[in-house]
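The values are calculated or read from the model by the stated rules, or taken from the named source; none is laboratory data. Computed from a predicted model, the values in this text were never measured in an experiment. Cβ placement follows ideal geometry from the backbone for every residue including glycine, while neighbour counts extend to all protein chains displayed. Note: areas computed on protein heavy atoms with side chains; ligands, DNA, RNA excluded. Shrake-Rupley method; radii C 1.70, N 1.55, O 1.52, S 1.80 Å.
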Amino acid sequence: MSAKARSATMPVVITANRLRDGRVVWLGAGTAWVEALAQARAVTGDDAAAALVLGQQAEKAMQVVGVYAAEVTLSAAGPQPVSQKERIRAAGPSTEAAAQLAA
Amino acid sequence: MPEAPYIPQPEHARTYRYDAVDREFLAQRIAEFRDQVARRLAGELTEDEFKPLRLMNGLYLQLHAYMLRVAVPYGVLNSAQLRQLGMIARRWDRGWGHFTTRQNIQFNWTQLTDVPAMLDALAAVDMHAIQTSGNCIRNTTTDEFAGAAADEIADPRVYAEILRQWSTLHPEFTWLPRKFKIAIRGAEADRIASRTHDVAVQVKRDAAGAVGFTIQVGGGMGRTPILAVPLFEFVPEAEFLRTMEAILRVYNALGQRENIYRARIKILVRDLGRDGFLDLVQQELARMPLAPYRLAPEVVQAIRAHFAPPPFAPAGDAAAALARATLAEPEFAAWVALNTRPHRQAGYASAVISLKPVGGIPGDATAAQMEAVADLAERFAFGELRVSHTQNLVLPHVRQDELYALWQGLLAAGLATANFGQGSDIIACPGLDYCALANARSIPISQQISRVVDALDRTHVLGELQIKISGCINACGHHHVAHIGILGVDKHGAEAYQITLGGAPGNDAAIGELIGPSFSYEAVAGAVEKILLTHIGLRAPGERFVDTYRRVGQAPFKEALYARA
């Protein structure tokens, strides 16, 4: 598990890769893992710490790998990644041909 | 799932064929990993326990999925193997694969649950993913024109295969201080970026025709780029493995395991000095009797038999037929001029299949393209193929009078880009689009720059130009030894790109020099355009970019990039 230093007031989402297929997932409502960032649960402060614990439990339960908290901003469309890496994790590779082939 | 049945390989292709012992070993190894995957999924292994096991089998966890890196030993493939890689891409990935600078192939969308079946499918064509990761001796790379080049002195595939057998599961060298990369060539021309390797070997012959090896040591890229230095001028064939073993033993004993950034052999050689390192190797050699390590001529001969020349046909008027075809079709003539190389056999040429379409992803090939190339290899090249460290494919033996038909086949498959060794033939690592280590994207930068270069090339004919892009300081994209090198970095949370100029990978090897402050993602392609326009304004007739740079120095390029308008 890795946890990144962050501001206590900055909203975060809990993210990981799914164990079976490696796909990017986020912690959604309850203990469900979702494949779309828009459905992820954004949390702050003590709620963030509690959500991270839920993620760690899911890691121990062999659902996911490499749980960490990623900073987001909030918008009407849902959480928005702050870092370029998280934008790419959420949207997939930015390369044009890859996008065409995946379509 | 039962293991996949063995797939017959093309009769004339000169690739190393496994025997029953090899196949039994692979079957056991896959069964072992299948069990490890099952135990991981069942919760009997933690990720910390499983990670070293999956890495030993070439399986990484990247940004979006697992990535399986498959070994292509010294870049040599046959058509049955390439067709099988295409099948794997279609069945278990997203329909394509990515050829790498280690002459391997990566599947970027692998599911953990599919990996044992993928390994079965690889084993069916004598392939695997062992030692494509971890702190072991990785895939030895060699000249993509091995066994074909007109200037070849000795066939490096024979000794690359000997190194493969020696280094595979070597009990002493499975847990080295850091990964270890060897390159070997059999020509004076360095087409393998020799001096960027931990050990670089050149196969030579003495005045009597006996084979021996020049060995350089201590090269590497990453955050501390160093070019390998000469260690031995001529090691006799019989002493080759003993010498390699001694070098590895000294490194294994003294490499700095406690610091990942100082753990490569380049740091040890630099700190000890070449003479200090040589002294330790010679001390080790003095403790090693030759007999157990002697590379016997009959062993070499048995392996050489795997790489005997295919049944070439007499040259006839092949050269004249090629000349007529080039006169009739200028586009074909341009492809021949850039993408073919002289062959040692009269009437033949080696043909480079560029995986660098302008605006495309360097090194990517779709399943359909792999299958098309496999078909073309069977029609025109005895079923033989090579993967180059520049992320292209090569058909090593094509009759000159069949090049036109080959080119038409490549056109149909979207693989006839005429740019081998040119500015749009860019090496790029997967970068932040896929790689968990990257700081910045490489592929989209490559796509942008290839368009810029192609546009300039059409009006100014830039000639040989090596542009290489890495998405982090690990330098998988070889940017240190590029004429124009681009390194992606994280600058206050944003992607930024440093540019180095004047590097080179071959006989004129050099580490590029940083030109100045970095550029944003949006600005870097424009910066490369300014550099090339400056070159165009300063070059002597026919002068390559790197030669102009070495002649005039940094100043005019700095001026073009950073002077206030």
- request: Collect residues whose amide H, placed 1.01 Å from N in the peptide plane, falls under 5 Å from the amide H of residue B:76; neighbours closer than 5 in sequence don't count.
  value: B:387
statement: Long-range amide H partners of residue B:96, meaning residues 5 or more apart or on another chain whose placed amide H is closer than 5 Å, are B:367
task: Mind giving me the FRET efficiency for residue A:77 and residue A:9? R0 is 25 Å, r the Cβ-Cβ distance, nearest 0.05 is fine.
output: 0.70
- prompt: In terms of the Cα gyration tensor, with a ≥ b ≥ c the square roots of its eigenvalues, is chain B rounded because a/c is under 1.5, prolate because a/b exceeds b/c, or oblate?
  reply: rounded
- prompt: Alpha carbon centre of the stretch B:286-304 versus the stretch B:108-130: separation in Å?
  reply: 33 Å
- request: Just flag the trypsin sites (Lys or Arg not before Pro) in the stretch B:202-278 sitting in loop per DSSP whose Cβ has no more than 13 other Cβ atoms within 10 Å.
  value: B:223
task: Compute the distance in nm between two label points, each set 7 Å from the Cα along the Cα-to-Cβ direction, one at residue B:331 and one at residue B:346.
output: 3.4 nm
The stretch B:454-514-the stretch B:392-409 distance, computed between alpha-carbon centres (Å): 30 Å
- request: Would you kindly enumerate the cysteines in the protein assembly as shown that have no other Cys beta-carbon under 4.7 Å from their beta-carbon?
  value: B:136, B:435, B:472
task: For the stretch B:148-307, just the Cα set please: Rg and Dmax, both in angstrom.
output: 15.4, 47
- line: the stretch B:20-123 accessible area per residue, 1.4 Å probe, protein heavy atoms, integer Å², reads 31 Å²
message: Quick check on the protein assembly as shown: take the gyration tensor over C-alpha atoms, sort the square-rooted eigenvalues as a ≥ b ≥ c, and tell me if it's rounded (a/c under 1.5), prolate or oblate.
response: rounded
- prompt: Rounded, prolate or oblate: which fits the stretch A:12-102 when a ≥ b ≥ c are the square roots of the eigenvalues of the alpha-carbon gyration tensor, with rounded for a/c under 1.5 and prolate only if a/b beats b/c?
  reply: oblate
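Of the DSSP beta bridges with both residues in the protein assembly as shown, give the percent that are antiparallel, rounding to the nearest 5.
On the way: 69 of 82 bridges.
Bridges in the protein assembly as shown that DSSP calls antiparallel: roughly 85 percent.
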query: Between residue B:312 and residue B:436, what is the spin-label point distance in nm, taking each point 7 Å from the Cα along the Cα→C-beta axis?
result: 4.8 nm
message: Spelling out what I want: for every residue of the stretch B:293-306, take phi, set θ = phi - 60°, compute 6.51 cos²θ - 1.76 cosθ + 1.60 (Karplus), and round to whole Hz; glycine and proline get x.
response: 9, 4, 8, 6, x, 5, 5, 4, 5, 5, 6, 4, 4, 5
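In nm, what is the difference between 0.36 nm times the number of residues separating residue B:552 and residue B:451 and their Cα-Cα distance? Don't jump to the answer; show the numbers that get you there.
Working: separation 101, 0.36 × 101 = 36.36 nm, distance 2.64 nm.
Full-extension gain reported as 33.7 nm.
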Karplus-derived 3J(HN,Hα), 6.51/-1.76/1.60, for each residue of the stretch B:14-23, Hz, glycine and proline x: 8, 10, 5, 9, 5, 9, 4, 5, 4, 5
- prompt: Once you put a point 7 Å from the Cα of residue B:291 and another 7 Å from the Cα of residue B:46, both along the Cβ direction, what distance in nm separates them?
  reply: 4.9 nm
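Between residue A:44 and residue B:223, what is the FRET efficiency for a Förster distance of 35 Å, r being their Cβ-Cβ separation, to the nearest 0.05? Provide the component values of the computation, followed by the final result.
Details: r = 36 Å, r/R0 = 1.04.
E between residue A:44 and residue B:223, to the nearest 0.05, is 0.45.
Tell me, in nm to one decimal, what length is gained between residue B:563 and residue B:205 on full extension, where the rule is 0.36 nm per residue of separation less the Cα-Cα distance? Don't skip to the end; give the middle numbers.
Details: separation 358, 0.36 × 358 = 128.88 nm, distance 5.29 nm.
Fully extending the segment from residue B:563 to residue B:205 adds 123.6 nm.
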- prompt: HN-Hα J couplings of the stretch B:387-400 from phi, Karplus 6.51/-1.76/1.60, θ = phi - 60°, integer Hz, Gly and Pro as x?
  reply: 10, 8, 5, 8, 6, 10, 10, 9, 9, x, 10, 10, 4, 4
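Taking 0.36 nm per residue of sequence separation and subtracting the Cα-Cα distance, how much length would be gained by fully extending the chain between residue B:252 and residue B:492, in nm to one decimal? Walk me through the numbers on the way to the answer.
Working: separation 240, 0.36 × 240 = 86.40 nm, distance 3.79 nm.
That pair, residue B:252 and residue B:492, stretches by 82.6 nm at full extension.
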